[in-house]
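Inspection log for the structure reproduced underneath, given as structure tokens.
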Amino acid sequence: MTDAASEIADDLLAEMRGGSEEALATVFAHYRERLRRIVRFRLDHRIVGRISDSDVLQETYIAAAQRLEHFCKQTEMPAFLWLRLVVGQQLVDLHRQHLQAEMRDARKEVSLQPNEPSPHTSMAIAAHLVGKMTAVSEIVARAERIERLESTLNQMDDLDREVIALRHFEELSNVETAKVLKIETAAASKRYVRAMTRLAELMREFEQA
Amino acid sequence: MMEDEINQTELDRIAEEFSLAIRRGESPSIDTFLDSYPDTSGQLRELLESVALIEGLKRETGSIEPTREPSLNIKQLDDYTIVREIGRGGMGVVFEAIHQSLGRRVAVKVLANHLLNDTKHLTRFRREARAAARLRHSNIVPVYGVGQSENHHYYVMDLIDGMSLKDWQAGLSDQRRPELPTIDVAHFNTQTETSNSEVSAVSDTDRQMDAAGVSKATPFATDSKDYFHWVAHLGATMCDALQYAHTQGVLHRDIKPANLLVDRKNEVWIADFGLAKLSEQQAVTMTGEVIGTPQYMPPESFDGTYDIKSEVYAAGLTLYELLALRPAIDGKNTGDTIRKATAGVSISPRKYNSSIPRDLETIVLKSLSHNPSERYQSTGELRDDLHRYLLDRPIAARRTGLLERAVRWSRREPVVASLTFATFGLLSALAVVSAYGYVQTKSALSTAEAATRSAEQSLTLKTDASQVAEDQRVRAEKNLQVALAAFDQTMQNITDRGLETDADVLGEVTDTTAAGVTPEDAKLLQTLLGFFDELAANNSEDLLAESAVAAQRAGDIYMSLGKLSQADRAYSDCLDRYAKLSQLESEDSSFTISRATVMNQLAVIASLRGQLARSFEMFSSTTELLESSEPALASHEGRFQYARAHRLFASLGSRSGTDGLQQPQGVGLIPRRPASFIMKLRAEQEFESLEKAIEVLGTLIQESPDDIRFQAELARVYRDKAKVASRAKRKSDAEEAVKESIDRFEKLLSENKTSDAVRYELAMTLISTEAPGFDQRQRAARADELSNQLLANSPALPRYMALKAQSLENLALLQSRAGESDLAVRNLIESIQIYSSLIAESPELSLYETRRSQALESVADIKISQGKTQEAIDFLERAIRRLQPSFRQPQMSPVARMQFQRMRQKLARLKESQ
């Protein structure tokens, strides 16, 4: 995954930076699945039924094409992270549009832990559990474990949580994470290790409680 | 400082490597990783554990859509030309396509490659799809088959011009965005009028127009009667389709609103037969893949059990959702959803929409019983009950609502939550043990009682005096829950033994005695009735309906047991409650109808006990009540009770055994009021009443020709008409009516050959003493044949025994006329023995006493004609001795009093002549 960026030929990136929409299409296709992961992860469950992630990607592509010149100016910005930004903007707009009544700050809602998991999440869990034909008690125990992790994450510091989200749910590399958070890679590593250690501690506390 | 930072970076690098290994699908062991790196501070282990946890969780909750979707630029799949994408879901993408050879528009579902990456599963999927393709039902989306083109496996089905119920509902509930979602699950198949020639993509606006087209087909408000009928009809149709599939050996396995399509003609279609199986098979080997939504999974499926009854449950969930306009199972988070799905449905849909008809709710809740054996045993049964609801006939499901009550109560009473758990435990204990029989059920019941008491005691300790009143209410509620559960279990046991209760079959609790209850049932029910009695003090309004039903059932049981005064008391209690309910919910005509039903029962009891005044009073109030309620009289059930009231009125005389009463004799012995009433019951009035009943039943039969109750009631009306005509000395009318009644019952029996209830009713007409000239020998022989058949089926049933006794009397009468005196006496003695045992079982039935005395008197008469005076005296003395105790009681029927007088005179004359 992290190697993905290097797979993109430099000349293709240069073309894209030069404003070639054709190059953008190729790059976009290359990152499509990574971007989809982000969409799925960040899309509020309340609008999952209304919009598919393919829709969001399609809109993201259109938006990226329109703003391609912005990319041209930001020479430091890796293509993937730039596309990620565009996806984020699309998501904020979509959430604002769909959930206006329910929230004041759409940006706030687009966070790691939505208050409720998407039905898809439950579906996959159940599928997994049923597939193994486990006993009800086991299912409940497992569901509790997931719940526990969710609430542990919610207890954490915003930035720590974001680091975990970027590293594990968006599957960004440390370098990418550092760029996104606008910090040094060493600091990003430190932050990440600290967050994960803290998570381990919290989970232990939870189990003891 | 510097070292520390390098250390952190190194840790991060190792963690990343570990994460990538997991994401590649390897299962790296933490220990192995630790071996290759010196764990500097124990921190690495901690870090890797966190990574394993989070990545593990992610895989469990991982992406549900295929990561490698079919590429969007598929243009052709074998003979199918892709027109456009119309939806996507967990298993792939659905396209609209044109089958080139046939020029036909179809829906093609291109399955995610990873679902079929194993030959075994592919074979299985093809077999399932072939089975699904064999299904031919007007409400199952036809499956044309499966195919493979390059790397794509696909599934071809008919293109339905409509939308899924999920979308339809989403459109309903989303006030702010009334237009419908533009993209949805795989089964969302839209089609525009013009797109036959247009192969271009369809815009969102077109889809919305499509949606509006369907919405227009269901223009009613979601709390209107029409809506509930539409839902019931839709449910019945869905169940019919499922039933058909089940008979073909195909389970759907993923019934949910998203899989039900409604087309422009408002017809419902079940989509995706044969696909769920595929994902289930996959789920065994592949983690994180899709099967049914946990929201729509029956509790037992979490244990790996899935059968026809699970489909009943799934159908119930869909109905629930349509009624409540929200999913039955809806967790606030992941764990919650699964927990709720495994715990089953606990909130009544009426909580969300109080205008949902109770019967419909009862049907839905029965389908959603947690225990599969308490559900409808097939989707066909569910369909039939929905039809009954649509026809306004009594449904087969009985109300329980226990779980909901208990849950609601526990929410209200967190202080005594432990008590709720106790109650739950008791209920499940009951459910389990009752399967083993009565002894166990009974002991469970007493355990339940004991446990409840001790729980109550601890409760009392915990609370202040000020809460005593509240405690009592709580106790009453809890007792009701326990009692109703046990009661339903018992009734279920009765039903399971295949005994039909008349109330269910012919719409009338027997007017002589005993429905399908055995002495064992009686004993258990007696115990249970204690609980219902305890509830008398409970005035809680939200339990009023339950306690009314409980009282009505108690009445039914007492009635079946021949305990008339207890039945009277229970029905009267029940009536009070229904009256209160109709005041509280005046717009609900079902309470009016329930009141009328109970009042008719009270009228039957009154006439059986010879209380003609009360009986007459009941008739007047019942007809007045129904006439005052337009919606009640508009319903089938209301009109049925109206017709019953009229028949009961006309047959007051014959029912109470007073029809032989010509004029009051011995003024002091006959209660004045009834006597004067009898005189008032002029034949003309009775005829009028019967004509009214015939008229009402005629229209009912026309509207519901399949409702056996209406036909049976009409045949009963003719039977009673014969009695009235005979009393009015209108011989030809009587003969005609008897003939009509026999013909109608014979026809009914030929159409319902296994129905003992119909057999019994026919026999009752055959042995009636009216129109004696009409086919008498043949009638007597046929009646005897029928009573023997009935007893062969259910030897201990009092009402069949009574029938047999009467049939024997009938034969004896004919034999005695033919001079076969010995044969006649033998038959009479046998009938006397039967009556005696019946009286021992149900001492309150004055009718049996009268009949037994009549039989004894008949024997005496034969002995007199044979010149055996002493024997005649013995029989008469016996008859008098038997009637003596009743004679002292004021409620003794007038006819019995007269008989008693007559026999005493006869005895005196005999003794004199001696």
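The values are calculated or read from the model by the stated rules, or taken from the named source; none is laboratory data. Since we're looking at a predicted model, the values are computed, not measured. Positions of Cβ are backbone-derived with ideal geometry, glycine not excepted, and every protein chain shown enters the neighbour counts.
Might you let me know whether the range A:194-201 holds any residue that is in contact with a Leu (Cβ under 9 Å, 6 or more places away or on another chain) and either more than 9 Å from chain B (Cβ to nearest Cβ) or not in a helix (DSSP H, G or I) (or both)? No. The single condition from (1) in a loop (DSSP other than H, G, I, E, B); (2) modelled with pLDDT under 80 that residue B:253 fails is (2).
For residues that are polar (S, T, N, Q), more than 48 Å from the chain's Cα centre (by Cα) and outside any strand (DSSP E or B), scanning just the range B:61-106, find the one that is modelled with the highest pLDDT.
So in the range B:61-106, the residues polar (S, T, N, Q) come out as B:61, B:63, B:67, B:71, B:73, B:76, B:81, B:100-101.
Next cut, more than 48 Å from the chain's Cα centre (by Cα) only: B:71, B:73, B:76, B:81, B:100-101.
So of that shortlist, the ones also outside any strand (DSSP E or B) come out as B:71, B:73, B:100-101.
Numbers: B:71: 48, B:73: 62, B:100: 80, B:101: 76.
My answer is B:100.
The single condition among (1) under 28 Å from residue B:594 (Cα atoms); (2) of a type outside the set (Gly, Ala, Ser); (3) buried (at least 19 other Cβ atoms within 10 Å of the Cβ) that residue B:352 does not meet is (3).
Restricting B:570, B:675, B:606 to residues that are surrounded by fewer than 21 Cβ atoms within 10 Å (Cβ to Cβ), at pLDDT below 85 and assigned to a helix (DSSP H, G or I) narrows the list to B:675. Note on the range B:21-44: among residues that are part of a helix (DSSP H, G or I) and within 23 Å of residue A:175 (Cα to Cα), the one that is farthest from the other protein chains (Cβ to nearest Cβ) is B:33. In the range B:275-321, the qualifying residues are those that are in a loop (DSSP other than H, G, I, E, B) and among the hydrophobic types (A, V, I, L, M, F, W, C), and the one that is modelled with the highest pLDDT is B:297.
Of the residues making up the range A:157-184, those that are closer than 15 Å to residue A:78 by Cα and in a helix (DSSP H, G or I) are A:174, A:175, A:176, A:177, A:178, A:179, A:180, A:181.
For the range B:10-20, which residues satisfy the criterion of being surrounded by fewer than 17 Cβ atoms within 10 Å (Cβ to Cβ) and either under 13 Å from residue A:173 (Cα atoms) or more than 9 Å from chain A (Cβ to nearest Cβ) (or both)?
Residues of the range B:10-20 that are surrounded by fewer than 17 Cβ atoms within 10 Å (Cβ to Cβ), as a first pass: B:10, B:13, B:17.
Answer for the range B:10-20, where residues must be surrounded by fewer than 17 Cβ atoms within 10 Å (Cβ to Cβ) and either under 13 Å from residue A:173 (Cα atoms) or more than 9 Å from chain A (Cβ to nearest Cβ) (or both): B:13, B:17.
Entry remark, the range B:707-764: residues being crowded, with 23+ Cβ neighbours inside 10 Å, within 17 Å of residue B:689 (Cα to Cα) and among the charged types (D, E, K, R) number 6 in total. Inside the range B:739-795, residues that are in a helix (DSSP H, G or I), modelled with pLDDT under 80 and under 20 Å from residue B:709 (Cβ atoms) make up a count of 2. Among the residues of the range B:610-632, are any in contact with a Lys or Arg (Cβ under 6 Å, 6 or more places away or on another chain) and more than 16 Å from residue B:696 (Cα to Cα)? Yes, the range B:610-632 contains at least one residue that is in contact with a Lys or Arg (Cβ under 6 Å, 6 or more places away or on another chain) and more than 16 Å from residue B:696 (Cα to Cα). Residues that are basic (Lys, Arg) and either assigned to a loop (DSSP other than H, G, I, E, B) or touching a Gly at 6+ places or on another chain (Cβ under 8 Å) (or both) within the range B:852-887 comprise just one, B:868. Restricted to the range A:8-83, the set of helices (runs of 4 or more DSSP H) holding at least 3 residues that are within 14 Å of chain B (Cβ to nearest Cβ) comprises A:21-42, A:45-48, A:53-66.
Against the numbered list (1) closer than 25 Å to residue B:251 by Cβ; (2) touching a Ser or Thr at 6+ places or on another chain (Cβ under 6 Å), residue B:365 comes up short only at (2).
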